[in-house]
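What follows is a set of notes on a single structure, which appears directly below.
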Amino acid sequence: MLTGRTVLVTGASSGLGRHFTTMLAGQGAEVVAAARRADVLKELCAEITAQGGKARALAMDITDPASVAAGVAGIERIDGLVNCSGITQTVRLLDQTEEDWTRIIDTNLTGTWRVLRAVAARMAAQGGGSIINIASILGLRQGGQVTAYATSKAAVVQLTQQAALELARHGIRVNALAPGYIETDLNRDFFATEAGRALIARIPQRRLGRLSDLDAPLVMLLGDGAAYITGSVLAVDGGHLVGSL
């Protein structure tokens with residue numbers, strides 16, 4: 001479905017970004033896997049290449065303007081961007097420091113904007129492309145002890161829609177995925193606890209999301225089948241946002 005297209009994925013060394021890198025290569029895309037940990041990226045790309053896919057590593061720090069500018073400039077053509085880099089923190093608002101706040105906003109919001117802007121300039125020059133920002137249902141709804149993270153993701157939603165408005169004339173579509181709670185190695189133990197099971201019980205589908213649940217929405221938004229979709233925020237959350245209070 002994505003054969004012949006080059007897709008840049010940020011945050012590719014772990015989590016959703018790593019999963020998306022492998023999945024998109026399996027869909028025929030040539031993936032540029034970007035993150036700070038070059039050694040991890042090289043191993044990932046070697047695994048993908050050994051399985052017949054196309055992927056190359058790009059050491060890039062989205063909090064560093066010079067790193068982003070150089071990284072994007074070194075890619076010959078960019079048909080798609082998956083803006084996936086992000087960090088989180090669980091801490092009470094009254095215990096959060098200004099350094100905590102700045103670190104999360106600089107990465108999740110400013111870093112996302114920085115990559116989007118650099119890639120959009122390239123896409124405008126080449127005649128178009130598709131950008132997908134990874135937001136969160138916490139950008140659309142509140143959660144305890146995640147003030148900075150939720151605020152950053154709410155801003156990513158607004159950034160997505162603002163960019164969609166301005167970039168449509170250049171043939172660039174900008175959309176966002178807003179995942180709900182996705183089971184990973186990092187949170188599996190928590191969701192086995194009483195508190196974790198209580199959270200799952202509040203999801204209408206009564207289950208956590210799987211990484212694979214994000215695959216079809218992402219591929220759809222990157223592909224030609226979504227040619228008339230821009231400025232949308234697609235929640236993939238098992239109905240969590242529409243759950244009753």
Regarding the stretch 189-201, can at least one residue be identified that is of a type in the set (S, T, Y), more than 26 Å from M1 (Cα to Cα), without any contact (Cβ under 8 Å) to a residue 60 or more places away in the chain and out of contact with any Pro (no Cβ under 9 Å at 6 or more places or on another chain)? yes
Does A73 qualify as being at pLDDT below 95, over 21 Å from D215 (Cβ atoms) and among the hydrophobic types (A, V, I, L, M, F, W, C)? no
Close pairs (7 angstrom Cβ cut-off, 6 or more residues apart or separate chains): of a type in the set (S, T, Y) in the stretch 15-27, in a helix (DSSP H, G or I) anywhere: T21/L44; T22/I48
Subset of the stretch 221-245, residues loosely packed, with under 15 Cβ neighbours inside 10 Å and outside any loop (DSSP other than H, G, I, E, B), comes to D224, G225, L241, V242
Take the conditions more than 16 Å from the chain's Cα centre (by Cα) and either closer than 19 Å to A226 by Cα or surrounded by fewer than 22 Cβ atoms within 10 Å (Cβ to Cβ) (or both) and apply them to G15. Does it pass? no
Looking at the stretch 145-209, what helices (runs of 4 or more DSSP H) fall wholly within it and have at least 1 residues that are in contact with a strand residue (DSSP E or B) (Cβ under 8 Å, 6 or more places away or on another chain)? 147-167
It is to be established whether one or more residues within the stretch 91-98 are of a type outside the set (K, R), surrounded by fewer than 16 Cβ atoms within 10 Å (Cβ to Cβ) and in contact with a helix residue (DSSP H, G or I) (Cβ under 6 Å, 6 or more places away or on another chain). yes
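The values are calculated or read from the model by the stated rules, or taken from the named source; none is laboratory data. Bear in mind that the values here come from a model prediction, so they are computed numbers and not experimental data. With ideal geometry, Cβ positions are generated from the backbone for all residues, glycine too; neighbour counts draw on all protein chains shown.
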